[in-house]
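Everything on this sheet refers to the single structure shown next.
The values are calculated or read from the model by the stated rules, or taken from the named source; none is laboratory data. All values reported here derive from a predicted model rather than from experimental measurement. With ideal geometry, Cβ positions are generated from the backbone for all residues, glycine too; neighbour counts draw on all protein chains shown. For the accessible areas, the whole protein counts, side chains as well, though only heavy atoms, and no ligand, DNA or RNA atoms are used. Shrake-Rupley method; radii C 1.70, N 1.55, O 1.52, S 1.80 Å.
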Amino acid sequence: MPRVWKFGDQINTDDILPGKYAPFMVGEDRFHTFAFAHLRPEFAQEVKPGDILVFGRNAGLGSSREYAPEALRKLGIRAVIAKSYARIFFRNLVNLGIIPFESEEVVDALEDGDQVELDLETGVLLRGGERFALRPPPPFLLEALKEGSLLDYYKKHGRFPGE
Amino acid sequence: MGLTLAEKILSQKAGREVRAGELVVVEVDQVMVVDSIAGSFFKRLEYLGATPRYPERVSIVIDHVAPAANLEVAKAQKEIREWGRKHGIRVFDVGRGVCHQVLIEEGLAQPGWIVVGSDSHSTTYGAVGAFGTGMGATDIALAAASGRTWLRVPESVKVTFRGRLPRGVTAKDAALEMVRLLTAEGATYMAVEIHLADGAESLGRGERMTLANLTVEAGAKAGLVVPSGEILDLYQVPGWLYPDPDARYVREVEVDLSTLTPRVSVPFYVDNVAEVSAVRGKRVDQVFIGTCTNGRLEDLRAAAEVLRGRKVAPGVRLLVIPASSQVLEEAARDGTLLTLLEAGATLGTPGCGPCMGRHMGVLAPGEVCVSTSNRNFRGRMGAPDAEIYLASPRVAAASAVAGYIATPEDLAPSQEEAHA
């Protein structure tokens, strides 16, 4: 069952992937193995595909480096829950097909190491017998996510969603 | 109800009046790509089966690790040069400088333009009245392929700087004060619209770049300085490029420049801003003067003014990295460079330098750095426990001489001053 990896407020993209481990510094094949190298060195080893990342306020502030969320995607992350997002990180998540859920209550309720099930389309999150409802992403993003990512959408339709 | 500057620019581009909250797809005037994401950019274009729709609207800048620090980077930068030649795309190579400084110098950001860059500090273009915003590799590739991008029209926070800076206080101190007031998330998804009034219009283009640069540290999508003063002399500013007097703002903040004192941003958050007096005496191992925030001629001159007739303290490294080759040439011509070198500074290739902890001044465990850059996040410049204090070039230079965090006023008189 997917587990929750919970982080605090103001987690920046240097925390998620330090600049010195950018793909163009260490190679496309291994940059993701350095995700959270400073903050939580065991993360990249122990994370399993489908695990859920939980952040507090202003998740992903700082550098526009898309390779930070790309490292998470390579490690199999498909959904993130945060109290709020920094804007470039939010766009990058959507563009890579990682769903950015937003909820103060659910973030407060979840604990690091929780075993959960999350339905990515409906936003229904189950922890044991408990049920939480996350708001699904807005239509513009959902349209893009249905094709996989914004890149996939543009490739298929030759235009942006809603255009 | 009137329109903000961000609404004005996006309305002009959308061809209809648009308001905060609307989604728009707009033409992009310039797409800026940096070396560190160029590989991802190429891969995404290849996946789309596309090449840049308007090659003249794309610039690639080799600045984030320039010159190459290792084989991976060397290979990536070789690919940039080859790709640029193949597709007729402008490449600014090693030594030309930091992307934002280079684009401004080259006239590739103009008032009323939309400039998207693969670097979060693309807000810097707001200094000249351009809607500059940072994006990731996918958005940047789509902008290059389509010539357009999608944006949510942002709400705006109005920041008014009034009056004149006291001697020894700089635009960097004003910018840090702005981030302190707004906090790291106070302008998330928003534009910061900067008004200069009651003497503050005299701030030059470089100082406006420092202000616009730091707006992203409050989460801003764009940092737009209302054109005035020097900008009106340097650029053709369209008549429509001003906010309406009855525009609606989410929040309005005022900063009185005349009472401002030197500021530092204390690790590990940019909005953790204090007066220098709060951290005075903190031992320093390295001082870094440079970057898109403070690597311009006036910054090097401000540092030289402090360093003239003085020496860097034993055990302290003073790294000076001009923001561009043009800055380097001008600093060489007017003697600024010699003053810095005589004081004990060491000079690096124009570019981003150690700002991202990749080369040219990586910090060891436990080390302390005073930097004129824009981020003091944990591990940003090297070891996770190394500390970065962000400050103005004057405070940085004074700290290099003192060996601890200080202002020029804390230093003993230089030999020249003593003889005067």
If you scan the range A:89-143, which residues turn out to be acidic (D, E) and either open to solvent by 30 Å² or more (accessible area, probe 1.4 Å) or in a strand (DSSP E or B) (or both)?
A:E102, A:E104, A:E105, A:D108, A:E111, A:D112, A:E117, A:D119, A:E121, A:E130, A:E143
Filter the range B:187-243 for residues that are polar (S, T, N, Q) and closer than 17 Å to A:G62 by Cα; the one that is nearest to the other protein chains (Cβ to nearest Cβ) is B:T188
Within the range A:1-30, track down each residue that is touching a strand residue (DSSP E or B) at 6+ places or on another chain (Cβ under 7 Å) and within 20 Å of B:S120 (Cα to Cα).
A:Q10, A:I11, A:N12
Sole miss for A:G62 among (1) at the interface with another protein chain (Cβ under 8 Å from one of its Cβ atoms); (2) within 14 Å of the chain's Cα centre (by Cα); (3) open to solvent by 10 Å² or more (accessible area, probe 1.4 Å) is condition (2)
Here's a check for you: in the range A:24-39, which residue that is at negative phi and open to solvent by less than 10 Å² (accessible area, probe 1.4 Å) is farthest from the other protein chains (Cβ to nearest Cβ)?
A:A35
Looking only at the range B:212-230, decide whether some residue is closer than 24 Å to B:V98 by Cβ, of a type in the set (D, E), touching a residue at least 24 places away in the same chain (Cβ under 8 Å) and out of contact with any Cys (no Cβ under 6 Å at 6 or more places or on another chain).
yes
What tally of residues in the range B:301-331 results from selecting those that are farther than 26 Å from B:L411 by Cα and surrounded by fewer than 18 Cβ atoms within 10 Å (Cβ to Cβ)?
2
Restricting attention to the range B:25-62, and to residues there that are in a helix (DSSP H, G or I) and buried (at least 24 other Cβ atoms within 10 Å of the Cβ), which single residue is farthest from the other protein chains (Cβ to nearest Cβ)?
B:F41
Report whether or not B:A418 is modelled with pLDDT under 95, open to solvent by 10 Å² or more (accessible area, probe 1.4 Å) and in a helix (DSSP H, G or I).
yes
Given the condition touching a residue at least 24 places away in the same chain (Cβ under 8 Å) and polar (S, T, N, Q), answer yes or no: does some residue in the range B:51-58 qualify?
yes
Within the range A:72-88, which residues are more than 30 Å from B:T123 (Cβ to Cβ) and open to solvent by 30 Å² or more (accessible area, probe 1.4 Å)?
A:R78
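Residue by residue, here is whether (1) farther than 25 Å from B:I231 by Cβ; (2) among the acidic types (D, E); (3) more than 12 Å from chain A (Cβ to nearest Cβ) holds:
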| site | (1), (2), (3) |
| --- | --- |
| B:G112 | no, no, yes |
| B:V115 | no, no, yes |
| B:S118 | yes, no, no |
| B:S122 | no, no, no |
| B:A127 | no, no, yes |
| B:T138 | yes, no, no |
| B:A145 | yes, no, no |
Conditions (1) among the aliphatic types (A, V, I, L, M); (2) part of a loop (DSSP other than H, G, I, E, B); (3) open to solvent by 10 Å² or more (accessible area, probe 1.4 Å): number failed by B:L337:
(2)
Residues in the range A:106-162 that are more than 21 Å from B:A137 (Cα to Cα) and not hydroxyl-bearing (S, T, Y) total 34
All but one of (1) in contact (Cβ under 8 Å) with a residue 12 or more places away in the chain; (2) within 14 Å of chain A (Cβ to nearest Cβ) hold for B:L71, so report the exception by its number.
(1)
Between a first residue in the range A:4-16 that is within 13 Å of chain B (Cβ to nearest Cβ) and a second residue that is open to solvent by less than 10 Å² (accessible area, probe 1.4 Å) and assigned to a strand (DSSP E or B), which pairs have beta carbons less than 7 Å apart while being 6 or more apart in sequence or on different chains?
A:F7/A:V54; A:F7/A:F55; A:I11/A:F55; A:I11/A:A59
When every residue in the range B:380-410 that is away from chain A (no Cβ under 14 Å) and β-branched (V, I, T) is compared, the one nearest to the chain's Cα centre (by Cα) is B:V395
I'd like the residue in the range A:144-163 that is part of a helix (DSSP H, G or I) and surrounded by fewer than 19 Cβ atoms within 10 Å (Cβ to Cβ) and, out of all such residues, is nearest to the chain's Cα centre (by Cα).
A:K146
Can you pull out the helices (runs of 4 or more DSSP H) entirely within the range B:135-234 that have at least 3 residues that are open to solvent by less than 10 Å² (accessible area, probe 1.4 Å), closer than 30 Å to B:P52 by Cβ and touching a Ser or Thr at 6+ places or on another chain (Cβ under 6 Å)?
B:137-146, B:205-214
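Yes/no matrix, rows are residues, columns are (1) assigned to a strand (DSSP E or B); (2) within 16 Å of A:P18 (Cβ to Cβ); (3) within 14 Å of chain A (Cβ to nearest Cβ); (4) open to solvent by 50 Å² or more (accessible area, probe 1.4 Å):
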position	(1), (2), (3), (4)
B:R358	no, yes, yes, no
B:V370	yes, no, no, no
B:R378	no, yes, yes, yes
B:A412	no, no, no, yes
In the range A:72-84, the residues that are in contact with an Asp or Glu (Cβ under 7 Å, 6 or more places away or on another chain) and outside any loop (DSSP other than H, G, I, E, B)
A:A82
For B:I80, which of the numbered conditions (1) within 14 Å of chain A (Cβ to nearest Cβ); (2) within 18 Å of B:P350 (Cα to Cα); (3) aliphatic (A, V, I, L, M); (4) in contact (Cβ under 8 Å) with a residue 24 or more places away in the chain fails to hold?
(2)
In the range A:1-53, anything outside any loop (DSSP other than H, G, I, E, B), closer than 12 Å to A:A71 by Cα and among the aliphatic types (A, V, I, L, M) is listed as A:I16, A:A44
Do any residues in the range A:152-163 that are at the interface with chain B (Cβ under 7 Å from one of its Cβ atoms) have Cβ atoms under 6 Å from those of residues that are of a type outside the set (G, A, S) and not in a helix (DSSP H, G or I), where the two are at least six apart or on different chains, and which pairs are they?
A:F160/B:V25; A:F160/B:W150; A:E163/B:V25
